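This report concerns only the one structure given below.
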Amino acid sequence: MSRRQFTKEFKLAAIERLERGASVAEVVRAFEVNPNTLDRWRQEFRQGQGNAFPGLGKRRWEEGRAAQLERKIGQQALEIDFLKGCFERIDELRKLQALNGKPLFTSRSKPQGTERKV
């Protein structure tokens, strides 16, 4: 047995009847829905009338997906800024080393020609 699906118009008609002063019991009997379902519809309607009952959850998913993508863009922007800073620092160090005449290797690397032979 599958769950019943109600149209946006059906839900709005039930909420409208409640707003006009009908009791929950009257609306539940007239529309043949569970009181908890009716209460959930009323809460959803009051939270965002223009966004209430989007149908198949599509609009909410799209908004959630947009927020997720915006967070990802923000994270990637931070990573890009961090890496740019790293590259700038490396470039500065290379320029300083070239001006000072110091070798371009670090304490961990060895200059060419000093490899161990086995």
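When the test is whether a residue is at pLDDT 85 or above and within 27 Å of the chain's Cα centre (by Cα), residue 90 does not pass it.
Would you pick out the residues in segment 1-26 that are part of a helix (DSSP H, G or I) and closer than 18 Å to residue 53 by Cα? Show your work before the answer.
First pass over segment 1-26, keeping only residues part of a helix (DSSP H, G or I): 8-19, 24-26.
Answer for segment 1-26, where residues must be part of a helix (DSSP H, G or I) and closer than 18 Å to residue 53 by Cα: 8, 9, 10, 11, 12, 13, 14, 15, 16, 17, 18, 19.
The values are calculated or read from the model by the stated rules, or taken from the named source; none is laboratory data. This structure is a prediction, so every number in the text was calculated from the model and none was measured.
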